[in-house]
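Have a look at the structure below before the remarks.
The values are calculated or read from the model by the stated rules, or taken from the named source; none is laboratory data. Model, not experiment: these values are computed from the prediction. Please note: Cβ atoms are built from the backbone with ideal geometry, for glycine as well, and neighbour counts cover all protein chains shown. The accessibility values were calculated without ligands, DNA or RNA, using every heavy atom of the protein model including side chains. Shrake-Rupley method; radii C 1.70, N 1.55, O 1.52, S 1.80 Å.
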Amino acid sequence: IAELGRLDPSYWTQEKIGAVVGKSQSEVSRTLRFLDFSDAIKENMRRRIISEGHAVELLRLPNADLQAQAAKKIAAGLSIMETRRLVNGLLGG
């Protein structure tokens with residue numbers, strides 16, 4: 001998906017990318033947002049230490065510092081539900 005996103009953006013809309021890769025526009029959008037994570041978080045995703053479900057929760061955090069803080073706890077073994085509670089706490093909720 002990332003490779004298609006680097007092509008002509010006026011032609012390769014998220015909808016067209018989704019049609020090519022068999023995903024919805026929202027899935028393409030979310031996946032492209034994962035590319036903004038730090039290299040450490042992306043590596044943990046590649047190694048499946050951080051799942052897509054965990055990553056979706058990390059996207060809710062407003063900055064890389066909070067994402068890194070939460071990612072360290074995820075790597076220590078948090079479930080997705082525990083991650084959601086952690087993120088809610090970091091957001092003040």
Response to the item:
Subtracting the Cα-Cα distance of residue 82 and residue 47 from 0.36 nm times their residue separation yields 10.6 nm
Discussion item. Give the lysines reachable from residue 73 as a straight Cα distance under 26 Å; neighbours fewer than 8 places away on the same chain don't count.
Written reply: 42
Worksheet item: Just how much of residue 80 is accessible, in Å², when a 1.4 Å probe is used and the result is rounded to the nearest 10?
Response: 70 Å²
Worksheet item: What figure in square angstrom, to the nearest 10, would you give for the accessible area of residue 45 with a 1.4 Å probe?
Response: 40 Å²
Worksheet item: Per-residue accessible area for residue 33 at 1.4 Å probe radius, Å² rounded to 10?
Response: 120 Å²
Discussion item. Could you give each residue of region 50-57 its phi-based ³J(HN,Hα) in whole Hz, using Karplus coefficients 6.51, -1.76, 1.60 with θ = phi - 60°, and x for Gly or Pro?
Written reply: 10, 7, 4, x, 4, 4, 4, 5
Worksheet item: How far is helix 25-34 tilted, in degrees, relative to the longest principal axis of the Cα atoms in the chain, given as a value from 0 to 90 rounded to the nearest 10?
Response: 60 degrees
Worksheet entry | Sites residue 91 and residue 35 - FRET efficiency at Förster radius 22 Å, r taken between beta-carbons, to 0.05 | 0.45
Discussion item. Suppose only helical runs count, i.e. DSSP H with n ≥ 4. What mean residue ellipticity at 222 nm does that imply for the chain under -39500 (n - 2.57) per run, divided by all residues and rounded to the nearest 500 deg cm²/dmol?
Written reply: -18500 deg cm²/dmol
